[in-house]
Amino acid sequence: MRFLIVASAVATLLLTAPAATAAPTCQDRNGDTIRCGTPGAMPVAWSLTPQQLMDRRTSRSIPPSLDQLFGLFCVIGGFFALVLLMPRFDGDWDEQEGGDEERR
């Protein structure tokens, strides 16, 4: 019975909590989102013109082609293959095999 009372109290508190509203966002002259009231921020609800939006979208960088991605995959795979081919390191860097006998 106690569990039911506690559960209903928690549910009531969560359901009656006020909704959080986000602060308005502004944009700068380039169309990037920026906090309102900072230097360079445009007024609330200001946005770029459709022509400026189209110019900005066309000036973005071109994504890599499948050939470039395959080449990158091969280079990274080759690097990992070289790492896997390295000898095991046992931590005895100070002593070489047979080094003590030759020094005496």
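The values are calculated or read from the model by the stated rules, or taken from the named source; none is laboratory data. None of these values were measured; they are calculated from a predicted model. Don't worry about glycine lacking a Cβ; one is built from the backbone with ideal geometry, like all the others, and counts go over all protein chains shown.
A few remarks follow.
- Pairs meeting the criteria (first residue in the stretch 42-55 and at positive phi, second residue in a loop (DSSP other than H, G, I, E, B), beta carbons under 8 Å, at least 6 apart or on different chains) are A45/P24.
- Residue selection: I62 satisfies the criterion of being part of a loop (DSSP other than H, G, I, E, B) and without any contact (Cβ under 8 Å) to a residue 24 or more places away in the chain.
- Residue satisfying all of: in the stretch 33-82; within 25 Å of A23 (Cβ to Cβ) and charged (D, E, K, R); modelled with the lowest pLDDT among these: R56
- Residue that is surrounded by the most Cβ atoms within 10 Å (Cβ to Cβ), among those in the stretch 1-44 that are part of a loop (DSSP other than H, G, I, E, B) and hydroxyl-bearing (S, T, Y): T38
- Every residue from the stretch 45-59 that is polar (S, T, N, Q) and in a helix (DSSP H, G or I): Q51, Q52, T58
- Of the criteria (1) within 23 Å of the chain's Cα centre (by Cα); (2) surrounded by 10 or more Cβ atoms within 10 Å (Cβ to Cβ); (3) not charged (D, E, K, R), which one S65 fails: (2)
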